[in-house]
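The values are calculated or read from the model by the stated rules, or taken from the named source; none is laboratory data. Keep in mind the model is a prediction, meaning the values are calculated, not measured. Glycine gets a Cβ as well: all are built from the backbone with ideal geometry, and neighbour counts include every protein chain shown.
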Amino acid sequence: ERPRAERDALLASGRPHAWRLNMEKAIRTAGIPLLWEESGDGEAGQIEALPALWGDVVLSRSDAPSSYHLSVVVDDALQGITHVVRGMDLYHATAIHRLLQHLLDLPQPAYHHHRLILGADGRKLSKSEGSTGLSALRAEGASPSDIRRLVGLV
């Protein structure tokens, strides 16, 4: 909502910045309701996207070319992805993805959100948290059934 001259001056200053989606305006433009087809471990069927719950989401920052939300919807469209499988931790983010798909006139894939695989401490297994990967478990002699049991799939 800043005037162009002010935006240009801020960009020229080199100060850190972020580009945000004006959620109220985006929702008006999109014409809610937006839906997605869900087949995962939570509620299945046609799910109503509620992007307003997120507020004005960041689309780009001065230290990153694009946000996760913008990157995944563009990447999925460019690759012709028809079915997206993600963890339940990203279930609610699908509302943002559906809004961006609609605003950018991108195709809408079907979604399947699975429950998260948790470690002994109850936290999700994650590379960023240094969780042990499957290859390390296999190298230590764990069988597929051992791994399924470890992550609570049996």
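Could you run through the stretch 55-67 and say how many residues are touching a Leu at 6+ places or on another chain (Cβ under 9 Å) and touching a residue at least 24 places away in the same chain (Cβ under 8 Å)? The total comes to 6.
Close Cβ contacts (under 9 Å, 6 or more residues apart or on different chains) running from residues in the stretch 1-17 that are assigned by TED's automatic domain parsing to the domain that holds residue 64 to residues that are modelled with pLDDT under 90 and small (Gly, Ala, Ser) comprise 11/62; 14/62; 15/62; 16/62; 17/62.
Would you mention how many residues in the stretch 106-123 are of a type outside the set (Asp, Glu) and in a loop (DSSP other than H, G, I, E, B)? Qualifying residue count, the stretch 106-123: 11.
Among the residues making up the stretch 57-78, those that are within 15 Å of the chain's Cα centre (by Cα) and either more than 30 Å from residue 14 (Cα to Cα) or not polar (S, T, N, Q) (or both) are 57, 58, 59, 68, 69, 70, 72, 73, 74, 75, 76, 77. Selection of the stretch 33-49 for residues being farther than 21 Å from residue 116 by Cβ, hydrophobic (A, V, I, L, M, F, W, C) and either surrounded by fewer than 17 Cβ atoms within 10 Å (Cβ to Cβ) or not assigned by TED's automatic domain parsing to the domain that holds residue 84 (or both) yields only 35.
Among the residues of the stretch 118-135, is there at least one that is touching a His at 6+ places or on another chain (Cβ under 8 Å) and surrounded by 15 or more Cβ atoms within 10 Å (Cβ to Cβ)? Looking through the stretch 118-135, none of the residues is touching a His at 6+ places or on another chain (Cβ under 8 Å) and surrounded by 15 or more Cβ atoms within 10 Å (Cβ to Cβ).
Screening 72, 85 for residues that are in the same structural domain as residue 15 (by TED's automatic domain parsing), within 22 Å of residue 23 (Cα to Cα) and of a type in the set (A, V, I, L, M, F, W, C) leaves exactly one candidate, 72. Looking across the stretch 134-154, the residues that are assigned to a loop (DSSP other than H, G, I, E, B) and at pLDDT 80 or above come down to 140, 141, 142, 143.
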